[in-house]
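A.B. asks: I'd like to ask some things about the structure below.
What follows is calculated from the coordinates using simple rules that are stated; it is not laboratory data. The shown structure was predicted, so the numbers you read here are calculated from the model rather than taken from an experiment. Every residue, glycine among them, receives a Cβ derived from its backbone with ideal geometry; neighbour counts consider all protein chains shown.
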Amino acid sequence: MNYYVRNSNQDFRRYGKGILFSNGCALNETATAIFDMLDGKTSVDAIIESIYNEYDCERDVLEKDINECIGYMIENGLIVNNS
């Protein structure tokens, strides 16, 4: 299982229901919900399940979108692997 945690070297501030990072990256409401669950203890599978239970969508599409979102956060140094 994959576990991720926020990168403590990244400063951010919340705006409305999103987050703006000091490196210029921004997260929308759903990406912020995902980011908030990345505590190093919650697996990606558990995050997918939580979001799936909250939204009316196809699971395979949701899994792809969440994995892409996590990939974006990794690429931009917002989170790090905690596995």
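A.B. asks: Just checking, which of Asn81, Asn67 is over 12 Å from Arg6 (Cα atoms), exposed (fewer than 15 other Cβ atoms within 10 Å of the Cβ) and of a type outside the set (Lys, Arg)? Talk me through it step by step, then tell me what you get.
C.D. replies: Values: Asn81 fails: over 12 Å from Arg6 (Cα atoms).
The match here is Asn67.
A.B. asks: Which one of these is over 13 Å from the mean Cα position of the chain (by Cα) and assigned to a loop (DSSP other than H, G, I, E, B): Gly77, Gly24?
C.D. replies: Values: Gly77 fails: over 13 Å from the mean Cα position of the chain (by Cα).
Exactly one residue qualifies, and that residue is Gly24.
A.B. asks: For the range 27-48, how many residues meet the condition of being closer than 18 Å to Glu68 by Cβ, of a type outside the set (S, T, N, Q) and not in a helix (DSSP H, G or I)?
C.D. replies: The total comes to 2.
A.B. asks: Right, Ile19: among the aliphatic types (A, V, I, L, M) and in contact (Cβ under 8 Å) with a residue 24 or more places away in the chain or not?
C.D. replies: Details: among the aliphatic types (A, V, I, L, M): yes; in contact (Cβ under 8 Å) with a residue 24 or more places away in the chain: no.
The answer is no for Ile19.
A.B. asks: Filter the range 49-70 down to the residues that are over 9 Å from the mean Cα position of the chain (by Cα), of a type outside the set (Asp, Glu) and part of a helix (DSSP H, G or I) and list them by number. Can you show your working first?
C.D. replies: Taking the range 49-70 first, the residues over 9 Å from the mean Cα position of the chain (by Cα) are 49-65, 68.
If we keep only those that are of a type outside the set (Asp, Glu) as well, we get 50-53, 55, 57, 59, 61-62, 64.
Listed by number, the residues that qualify are Ser50, Ile51, Tyr52, Asn53, Arg59, Val61, Leu62, Lys64.
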